[in-house]
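Undergrad: I have a structure I would like to understand better, so I am pasting it below and will then ask my questions one at a time.
The values are calculated or read from the model by the stated rules, or taken from the named source; none is laboratory data. Quick caveat: nothing in here was measured; it's all calculated off a predicted structure. Note: ideal-geometry Cβ built from the backbone for every residue, glycine included; neighbour counts use all protein chains shown.
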Amino acid sequence: MTRHILLALAGGAAVVIAAGPALAVPPLHAQMMLATAGGPGAPVGDVTIISSVDGARFIVDLHGLPPGDHGFHVHVNGSCAPGPVNGAAAPAGAAGAHFDPDHNDAHMGPMGFGHKGDLTYLTVKADGTDRETLVAPHIRDTFALKGRTLVIHAGGDNYADDPKPLGGGGGRIACGVIG
Ligand SMILES: [Cu+2]
């Protein structure tokens, strides 16, 4: 909890103490695991989500991933189990679709007004690690993310549904439930 204590001294006699508002939303966390046909696999790091005046901040600390760009989104369901994607069983398919509480039904990236779960894509270094902080300006209510999932895709993300749907990232390679 963050607390601001303001002490005002008037003439050395009166003392006024004002406690500022505490941050209402505690940080959220997701332990990320490889997504496999048999369910969650090896751990690949974690993501911490905090509220800020600029929107939700995603503090990414990952390892053991393929180098390059990877689509990164909040998906709606709180499960990383295999499940159907476009009619076929797929790793982390149970995570469901992109988090879209406003029913915009469009993939537009972190700055667009499409899925609220559209985040900045990850760029994994040659050594398989990615440590960065991403801001999602449209996510003002981080509590709404609790019990959902973070999903990392095999490919990058062009923040559009063309030429391929959902940024073109394809299959799901890692997943973590947000709690
Ligand atoms: Cu996704």
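Undergrad: Just to verify a result, which residue in region 127-141, among those that are in contact with a Gly (Cβ under 9 Å, 6 or more places away or on another chain) and either outside any strand (DSSP E or B) or among the aromatic types (Phe, Trp, Tyr) (or both), is surrounded by the fewest Cβ atoms within 10 Å (Cβ to Cβ)?
TA: Pro137
Undergrad: What is the one condition in (1) of a type outside the set (Ser, Thr, Tyr); (2) closer than 25 Å to Ala42 by Cα; (3) more than 12 Å from the ligand (Cβ to nearest atom) that Gly169 does not satisfy?
TA: The failed condition is (3).
Undergrad: Same structure again: Name the residues in region 85-96 that are within 15 Å of the ligand (Cβ to nearest atom) and either of a type in the set (S, T, N, Q) or in a strand (DSSP E or B) (or both), would you?
TA: Selection gives Val85, Asn86, Ala90.
Undergrad: Now for a separate question. Would you confirm whether or not region 53-71 contains a residue that is within 15 Å of the ligand (Cβ to nearest atom), over 20 Å from Val25 (Cβ atoms), touching a residue at least 12 places away in the same chain (Cβ under 8 Å) and out of contact with any Gly (no Cβ under 6 Å at 6 or more places or on another chain)?
TA: yes
Undergrad: Hey, could you check region 72-84 for residues that are in a strand (DSSP E or B) and under 24 Å from Pro137 (Cβ atoms) and say which is nearest to the ligand (Cβ to nearest atom)?
TA: If we take residues in region 72-84 being in a strand (DSSP E or B) and under 24 Å from Pro137 (Cβ atoms), then His73 is nearest to the ligand (Cβ to nearest atom).
Undergrad: Restricting attention to region 132-154, which residues are within 19 Å of Gly96 (Cβ to Cβ) and among the aliphatic types (A, V, I, L, M)?
TA: Once the filter is applied, which keeps residues that are within 19 Å of Gly96 (Cβ to Cβ) and among the aliphatic types (A, V, I, L, M), region 132-154 yields Ala136, Ile139, Ala144, Leu145, Leu150, Val151, Ile152, Ala154.
Undergrad: When you check His107 against the structure, is it crowded, with 20+ Cβ neighbours inside 10 Å, touching a helix residue (DSSP H, G or I) at 6+ places or on another chain (Cβ under 6 Å) and either at pLDDT 95 or above or not in a loop (DSSP other than H, G, I, E, B) (or both), yes or no?
TA: yes
Undergrad: Has region 50-62 got at least one residue that is among the β-branched types (Val, Ile, Thr), part of a loop (DSSP other than H, G, I, E, B) and at pLDDT below 95?
TA: Yes, because at least one residue in region 50-62 is among the β-branched types (Val, Ile, Thr), part of a loop (DSSP other than H, G, I, E, B) and at pLDDT below 95.
Undergrad: Additional query: Mind checking which residues of region 37-56 are surrounded by fewer than 18 Cβ atoms within 10 Å (Cβ to Cβ) and closer than 24 Å to Tyr159 by Cα?
TA: Asp46, Thr48, Ile50, Ser52, Val53, Asp54, Gly55
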